[in-house]
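Contents: one structure, followed by commentary.
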Amino acid sequence: MIPSALEHVQEIARSDHRLAVFLDYDGTLTPIVSHPGDAWLSDSMRQTLCLLAARVPVAILSGRDLDDVRGRVHVDGIVYAGSHGFDIAGAGGLHRELGAAYLPVLDMAETELREALDEIPGAQLERKHFSVAAHYRNVSENDAFKVALAVDAVAARHPELRRIDGKKVHELLPDIDWNKGKAVLWLLETLDLLRGKVLPIYIGDDRTDEDAFRALERRGVAILVSEQPQVTAASYWLNNPEEVERFLQKITDHLHATEL
């Protein structure tokens with residue numbers, strides 16, 4: 001079992017390194033909920049992010065659309081990466097977008113998948129700008145495999161897309177060699193955080209976050225948010241978003257103490 005990040009704050013936030021904090025949204029900053037539209041950031045978590053962002057670079061990387069996650073977090077001065085890093089924006093005109101050429105095929109995949117999911121009770125289709133997501137959190141166990149089959153059938157007709165799996169969701173994305181890990185590395189370079197003693201910290205709860213964990217394996221700290229033990233490339237864990245908030249508060253307190 002990997003150690004709790006809460007019990008190793010001093011070790012993680014060592015004073016001779018400048019920190020940069022990268023965070024997932026759903027399941028990390030907010031609890032997982034039955035309907036994605038209901039996942040709103042708490043006022044206390046927003047305040048925690050504001051205090052942290054006043055001291056170190058902060059980025060939110062989410063599977064949600066860029067405008068969606070930006071509107072939910074609503075903290076100025078941080079970087080937002082939507083669509084698993086396919087759409088990135090930040091202060092000073094920072095912007096990178098990949099996959100625009102794939103929008104027509106995503107439109108077709110959306111139409112086909114919507115028709116297939118209409119036959120499965122509880123299945124939800126979510127069209128994002130750069131992906132199509134099939135949620136099965138509210139689907140019976142006996143029908144869950146039908147969602148995967150429907151997604152695979154659509155993917156087979158559109159080889160320009162690839163399937164990724166998250167918590168109770170299958171998603172079709174442009175088949176580009178890009179993920180949250182590559183997005184984190186691009187941000188480290190673009191924000192000039194590869195020089196000097198910079199320690200990137202990435203906190204996430206999903207399979208898509210494992211790409212970022214692996215990207216930081218020898219250069220940063222990866223923290224998995226999970227109440228259940230699981231195979232992971234992360235080096236620390238936190239139980240839930242409440243513990244994430246406590247960890248970020250402790251990091252901020254440590255940074256404040258080193259400034260005095």
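Note the angle between two axes, namely the Cα long axis of helix 103-117 and the longest principal axis of the Cα atoms of the chain, as a number of degrees from 0 to 90, rounded to the nearest 10. For 103-117 against the chain, the angle is about 70 degrees.
Under a Cβ-only charge scheme (Lys and Arg +1, Asp and Glu -1), can you give me the dipole magnitude of region 1-89 about the Cα centre, in debye to the nearest 20?
240
Do the alpha carbons of any pairs in Lys146/Lys167; Lys128/Lys182; Lys146/Lys168; Lys146/Lys180 sit beyond 22 Å of each other, and which pairs? Long pairs (Cα-Cα over 22 Å): Lys146/Lys180.
Here the Karplus curve 6.51 cos²θ - 1.76 cosθ + 1.60, taken at θ = phi - 60°, turns the phi angles of region 218-228 into couplings of 10, 10, x, 10, 10, 10, 8, 9, 6, 8, 10 Hz, with x standing for Gly and Pro. Rounded to the nearest Hz, the phi-derived 3J(HN,Hα) couplings of region 144-158 under the Karplus curve 6.51 cos²θ - 1.76 cosθ + 1.60 (θ = phi - 60°) are 4, 5, 5, 5, 4, 4, 5, 5, 5, 5, 5, 4, 5, 7, 10, where x marks glycine and proline. Fully extending the segment from Asp43 to Ala89 would add 14.3 nm, taking 0.36 nm per residue of separation and subtracting the current Cα-Cα distance.
Taking the 0 to 90 degree range and rounding to the nearest ten, how far is the long axis of helix 241-259 tilted relative to the main principal axis of the chain, both from C-alpha atoms? Roughly 30 degrees, rounded to the nearest 10. For region 127-139, backbone phi angles converted through the Karplus equation (6.51, -1.76, 1.60; θ = phi - 60°) give residue-by-residue couplings of 8, 9, 4, 10, 6, 10, 10, 10, 8, 10, 4, 9, 9 Hz, Gly and Pro being listed as x.
Using Cα pairs under 8 angstrom and six or more residues apart, how large is the relative contact order of the chain, in percent?
Working: 460 pairs, mean separation 59.6, N = 260.
Relative contact order of the chain: 23 percent.
Every read-out reported here was derived from the displayed coordinates using simple, explicitly stated rules and does not represent laboratory data. Predicted model, so just to flag it, every value in this text is computed and none were measured. So basically every Cβ, Gly included, is an ideal-geometry build from the backbone, and we count neighbours across all protein chains shown.
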